[in-house]
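Before any comments, here is the structure.
Quick note: the coordinates plus some simple rules give every number you see, no bench work behind them. Every value quoted in this text rests on a predicted model; they were computed, and no experiment measured them. Here the Cβ positions follow ideal geometry from the backbone for every residue, glycine too, while neighbour counts run over all protein chains shown.
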Amino acid sequence: MNMLPPDAVDVHVVGNDSLLVTFSNGERRSFDLTPLFTRKCYIQLKEPTFLAKAFVQYGCVTWPGNIDIDPEWLYNDSIPVNL
């Protein structure tokens, strides 16, 4: 049985290049945004005031203008954080 990754339920921007994401399974994970900064569709995230507009919608971390990162990518490419 292939299980889907948990949805994002909360997000906080950390510095100018990472996200602290809380998932529906209660895990908190750190996601490094720097690899995305070279991709045309994510170039706006390099701007701190735009990056700060992150919010969660339908389990994805989202920004204005239909920019988002799906929960599978967020979960699989992040590292656990113990707070």
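The strands (runs of 3 or more DSSP E) falling completely within segment 1-71 that include 3 or more residues that are closer than 23 Å to Asn82 by Cβ map to 8-14, 18-23, 28-32.
Quick check: is even one residue across segment 52-59 loosely packed, with under 14 Cβ neighbours inside 10 Å and either of a type in the set (Phe, Trp, Tyr) or touching a residue at least 40 places away in the same chain (Cβ under 8 Å) (or both)?
Residues of segment 52-59 loosely packed, with under 14 Cβ neighbours inside 10 Å: 52, 55, 57-58.
Going one step further and asking which of them are either of a type in the set (Phe, Trp, Tyr) or touching a residue at least 40 places away in the same chain (Cβ under 8 Å) (or both), we end up with 55, 58.
Yes, some residue in segment 52-59 is loosely packed, with under 14 Cβ neighbours inside 10 Å and either of a type in the set (Phe, Trp, Tyr) or touching a residue at least 40 places away in the same chain (Cβ under 8 Å) (or both).
Of all the residues in segment 1-28, those that are among the charged types (D, E, K, R) and farther than 15 Å from Ile79 by Cα number 2. Inside segment 18-41, residues that are under 19 Å from Gly65 (Cα atoms) and either crowded, with 16+ Cβ neighbours inside 10 Å or among the small types (Gly, Ala, Ser) (or both) make up a count of 3. The residues of segment 1-20 that are of a type in the set (S, T, N, Q) and within 21 Å of Leu36 (Cβ to Cβ), listed by number, are Asn16, Ser18. Within segment 18-41, residues that are touching a residue at least 60 places away in the same chain (Cβ under 8 Å) sit with their Cβ atoms under 9 Å from residues that are part of a strand (DSSP E or B) and not β-branched (Val, Ile, Thr), at 6+ positions apart or across chains, in these pairs: Leu20/Asp10; Leu20/His12; Leu20/Arg28; Leu20/Arg29; Leu20/Ser30; Leu20/Phe31.
Residue by residue through segment 71-83, note down the ones that are under 8 Å from the mean Cα position of the chain (by Cα) and under 16 Å from Arg39 (Cβ atoms).
Let us first name the residues in segment 71-83 that are under 8 Å from the mean Cα position of the chain (by Cα), namely 71, 74.
Passing the criteria: only Leu74.
Out of Asn66, Asn25, Asn82, Asn16, report the one residue that is polar (S, T, N, Q) and within 16 Å of Leu4 (Cβ to Cβ). Give the steps one after another, and end with the answer.
On the way: Asn66 fails: within 16 Å of Leu4 (Cβ to Cβ); Asn82 fails: within 16 Å of Leu4 (Cβ to Cβ); Asn16 fails: within 16 Å of Leu4 (Cβ to Cβ).
Selected residue: Asn25, the only one of Asn66, Asn25, Asn82, Asn16 that is polar (S, T, N, Q) and within 16 Å of Leu4 (Cβ to Cβ).
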